[in-house]
1. Given the conditions (1) more than 30 Å from residue 149 (Cα to Cα); (2) at pLDDT 80 or above, and given that residue 246 satisfies all but one, which numbered condition is not satisfied?
2. Scanning for something β-branched (Val, Ile, Thr), in contact with a Cys (Cβ under 6 Å, 6 or more places away or on another chain) and either more than 21 Å from residue 27 (Cα to Cα) or free of Cβ contacts under 8 Å to residues at least 60 places away in the same chain (or both), does the stretch 94-109 turn up at least one residue?
3. Find the residue count for the stretch 219-238, including only residues that are out of contact with any Ser or Thr (no Cβ under 6 Å at 6 or more places or on another chain), surrounded by 20 or more Cβ atoms within 10 Å (Cβ to Cβ) and at pLDDT 90 or above.
4. Within the stretch 72-117, restricting attention to residues that are within 22 Å of residue 200 (Cβ to Cβ), among the hydrophobic types (A, V, I, L, M, F, W, C) and loosely packed, with under 15 Cβ neighbours inside 10 Å, which residue is modelled with the highest pLDDT?
5. Please go through (1) part of a helix (DSSP H, G or I); (2) at pLDDT 85 or above for residue 69 and return the number of the only condition it doesn't satisfy.
6. Filter the stretch 287-321 for residues that are without any contact (Cβ under 8 Å) to a residue 24 or more places away in the chain and either closer than 20 Å to residue 118 by Cα or assigned to a helix (DSSP H, G or I) (or both) and give the result.
7. Residue pairs, Cβ under 6 Å, 6 or more apart or interchain, first in the stretch 233-250 and of a type in the set (Phe, Trp, Tyr), second assigned to a helix (DSSP H, G or I) and buried (at least 22 other Cβ atoms within 10 Å of the Cβ). List them.
8. Collect the residues in the stretch 124-147 that are modelled with pLDDT of 90 or more and surrounded by 14 or more Cβ atoms within 10 Å (Cβ to Cβ), keeping them in residue-number order.
Amino acid sequence: MKPQEHDLSKPRTPTQYLRLFLTGFAMGAADIVPGVSGGTMAFILGVYESLVNAIKSCNLAALRLALRFKLGDLLEHISFRFLFVLGLGLLAAILLLSSFLSATLDDAAGRVLLFAFFFGLVLASILTIGVKVRWSAGAAALFVLGTAAAFIIVNIVPAEADHSAPALFISGMIAITAMILPGISGSFMLLIMGQYDYVLTAVSNRDLPPVLIVGAGAVVGILAFSRILSYLLERYYNVTVALLVGFMSGSLWKIYPWKECLESDIDRHGDFRCLLERNVVPDGASEQFALALALMLLGFLAVNLLDHMQSRQNPLFRRLL
């Protein structure tokens, strides 16, 4: 049985519009960081199923309305206000934060602090969503499967790939599929497939052909995969959420803040790139550790507070408030 949620697919009040914009902003900020998924933020902030259904609504019925020039009916059919405001927030985050987050990721100390905050966010989302699952043998099995799949994916060494049109199209399909799944980053999937630097450079240089091919793959991928996800959430909600929580759990390995690089190379731009890394025990006596722990706790408490504001049933804040 699905939990009761506030439906934001048809926003009406300024508060609902603001919440959608900030949700999109959080998704955009997460998508910039390899290893963190915008889908996780959508899940945490309670719009995941609405997002999947809104994407799914771009179907033949929508095409027929467009061909008949019934624009009002079309915009209502595809939840245009929901997608537009969410997309606006996502775009704002990419434009405003990409330079800052890229610089933070390039700095070793900043990377630890950034990942500590996201680690707290994802850990809290696993707990807050996990307690709402009606656990059974099937749900537990899919949770383990999702955890194992995400763990394997985030530990794959990035490959060198050809950049032919079919390869770029398939990469776009896979990346967008990963992006909508909680716990698996679309940018990290591009990195694994050896396309991340190439696509990023094409975007920076306004080299349209590869960008359009990746974009076409992404459109096909998200339209197809959203239908699968919508079907699973509609028919098998409990075990599907258990699987998605597993994906988030497996991704914790990737966003664990303290790491040591074991194998590296220099990319085609002359920049250092770590290919293989391992998690290490941090120096508990350092100031950085204390700050990272504080940011992790901040992220953890923020998600629990947001969950309590929506449901009034958060186990942590029910005890504190």
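1. Every listed condition holds for residue 246 apart from (1).
2. Within the stretch 94-109, none of the residues are β-branched (Val, Ile, Thr), in contact with a Cys (Cβ under 6 Å, 6 or more places away or on another chain) and either more than 21 Å from residue 27 (Cα to Cα) or free of Cβ contacts under 8 Å to residues at least 60 places away in the same chain (or both).
3. Residues in the stretch 219-238 being out of contact with any Ser or Thr (no Cβ under 6 Å at 6 or more places or on another chain), surrounded by 20 or more Cβ atoms within 10 Å (Cβ to Cβ) and at pLDDT 90 or above: 0 in total.
4. Top of the filtered list is 91.
5. Unmet for residue 69, out of (1) part of a helix (DSSP H, G or I); (2) at pLDDT 85 or above: (1).
6. 287, 289, 290, 294, 305, 308, 309, 316, 317, 318, 319, 320
7. Close Cβ pairs (under 6 Å, with a partner that is assigned to a helix (DSSP H, G or I) and buried (at least 22 other Cβ atoms within 10 Å of the Cβ)) amount to 247/146; 247/150.
8. Residues satisfying the conditions are 139, 140, 141, 142, 143, 144, 145, 146, 147.
The values are calculated or read from the model by the stated rules, or taken from the named source; none is laboratory data. Remember, predicted model here, so these are calculated numbers, not experimental data. Positions of Cβ are generated from backbone atoms using ideal geometry, with glycine treated the same way; all protein chains shown enter the neighbour counts.
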